[in-house]
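First the structure, in the form of structure tokens, and then the observations on it.
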Amino acid sequence: MGTQSDIKLINEEGLRNDGRKFNELRPIRIEVGVLNRADGSAYIEWGGNKVLVAVYGPREAFPKHTQNPSRAIINARYNMAAFSVDERKRPGPDRRAIEISKVISEALEVAVFTEQFPRTSIDVYIEVLQADAGTRIAGLTAASVALVDAGIPMKDMVVGCAAGKIDGKVVLDLNKEEDNFGQADLPMAIIPRTDEIVLLQMDGNFSREELEQAVELSKKAATYISNLQREALMAKYKSQEPEKEGERSE
Ligand code: ADP
């Protein structure tokens, strides 16, 4: 997150550097079941972000001392590929990846009915192939879809979204340039059905009023993203339905 800079991020017409209005998301596309060997999987493109998620489990947690006798544990592992950013990223987990893995695991734990699977682990591998700001919320959004694809019961899918502040104005879903030269970023995740906020982080500073505006913008966008998640799942299962008599193409 940048400090004061001369770079103008909103033009005279009120449009952002990629032509979006203050409350507009970048284009989002979700695909389900993209990996044959995982129990569940999903791929998301969110603006310039490209993220692949594979889910395994519930399976017996190993090593045994990690098992919880009353519920499943969720191990999300967020990883950025070396080629996902402009300058080659050093492979392997760094502090940032460990933090993001932790907050994503905790967010998913609220949604999954973990008590139905004692002593097991649900492993969620989040691989960022291309990064353009907002990868944690893109990864979390795709992870929820991959969990459904794996048949894991949840109260609802978790939806990630972010709002931020650029040129002193609160806007939805920062891209990389806005993230670099803006004043604040607020990634969050909610469970739309219960309205619970399951992830909330802040980089930079918001006034109380701005914070409320940012949360409101993300909450509205979450309804739209939640529909995209559902449509992506329906698309997979519709394509697998056997064709009905009479509908068969010659
Ligand atoms: P998020 O991707 O969830 O917004 P950050 O705010 O930490 O997480 O990162 C913003 C963006 O900065 C990332 O999406 C990525 O484009 C870039 N970035 C993060 N870490 C690195 C890194 N180690 N090397 C190069 N670019 C990075």
To the nearest 500 deg cm²/dmol, what mean residue ellipticity at 222 nm is calculated for the chain from DSSP H runs of n ≥ 4 alone, each contributing -39,500 (n - 2.57), summed and divided by the residues?
-9500 deg cm²/dmol
For Met80, what residues show an amide H to amide H distance below 5 Å, using hydrogens built from the backbone and excluding near sequence neighbours?
Val128
With Cα coordinates, the longest principal axis of the chain makes an angle with the long axis of helix 208-240, in degrees rounded to 10, of 40
Peptides 88-100, 170-182: what's the order by average Cβ count within 10 Å, highest mean first?
170-182, 88-100
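Assuming R0 = 30 Å, can you tell me the calculated FRET efficiency for the pair Glu12 and Glu216, based on Cβ-Cβ distance, to the nearest 0.05?
0.70
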Label-point separation (nm) for Asn23 and Lys102, each offset 7 Å from Cα along Cα-to-Cβ?
3.6
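Hey, can you find the accessible area per residue of the stretch 28-237 for me, probe 1.4 Å, expressed in square angstrom?
Working: 9730 Å² over 210 residues.
Per residue, the stretch 28-237 has an accessible area of 46 Å².
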Put +1 on the Cβ of each Lys and Arg and -1 on the Cβ of each Asp and Glu in the stretch 28-237; which of Gly40, Leu174, Thr141 then has its Cα farthest toward the positive end of the dipole?
Gly40
Within straight cross-link reach of Lys176, meaning Cα distance under 17 Å, which aspartates and glutamates are found once same-chain residues fewer than 8 apart are removed?
Asp6, Asp18, Glu24, Glu45, Asp86, Glu87, Asp132, Asp167, Asp185, Asp203
Choice from Gly40, Gly160, Gly204 with maximal GNM fluctuation in the chain (Cα, 10 Å cutoff)
Gly204
Computed from every Cα-Cα pair in the chain, P(r) in 10 Å bins starting at 0 and rounded to whole percents is 7, 30, 34, 19, 8, 2, 0
What's the angle, to the nearest 10 degrees (0 to 90), between helix 135-149's Cα axis and the longest principal axis of the chain?
20
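Tell me, what % of the accessible area of the stretch 28-237 is carbon and sulfur with a 1.4 angstrom probe? Spell out each step's value before the answer.
Working: 4880 of 9730 Å².
For the stretch 28-237, the apolar C and S fraction of the accessible surface comes to 50 percent.
State the volume of the convex hull built on the alpha-carbon positions of the stretch 1-120, expressed per residue in Å³ and rounded to an integer.
Details: hull volume 20.6 nm³, N = 120.
Value for the stretch 1-120: 171 Å³ per residue.
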Compute the Cα gyration tensor for the stretch 124-250, then decide on rounded, prolate or oblate, letting a ≥ b ≥ c be the square roots of its eigenvalues: rounded whenever a/c is under 1.5, prolate when a/b is larger than b/c in the other cases, and oblate in all that remain.
prolate
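Among Lys89/Lys238; Lys64/Lys220; Lys102/Lys236; Lys155/Lys238, which pairs are too far apart, with a Cα-Cα distance over 32 Å?
Values: Lys89/Lys238 39 Å; Lys64/Lys220 42 Å; Lys102/Lys236 29 Å; Lys155/Lys238 23 Å.
Those over the limit are Lys89/Lys238; Lys64/Lys220.
The values are calculated or read from the model by the stated rules, or taken from the named source; none is laboratory data. Because the structure is predicted, anything quoted here is derived from the model rather than measured. Ideal geometry is used to build each Cβ from the backbone, glycine not excepted, and the neighbour counts take in all protein chains shown. Surface areas here come from the heavy atoms of the whole protein model, side chains and all, with no ligands, DNA or RNA. Shrake-Rupley method; radii C 1.70, N 1.55, O 1.52, S 1.80 Å.
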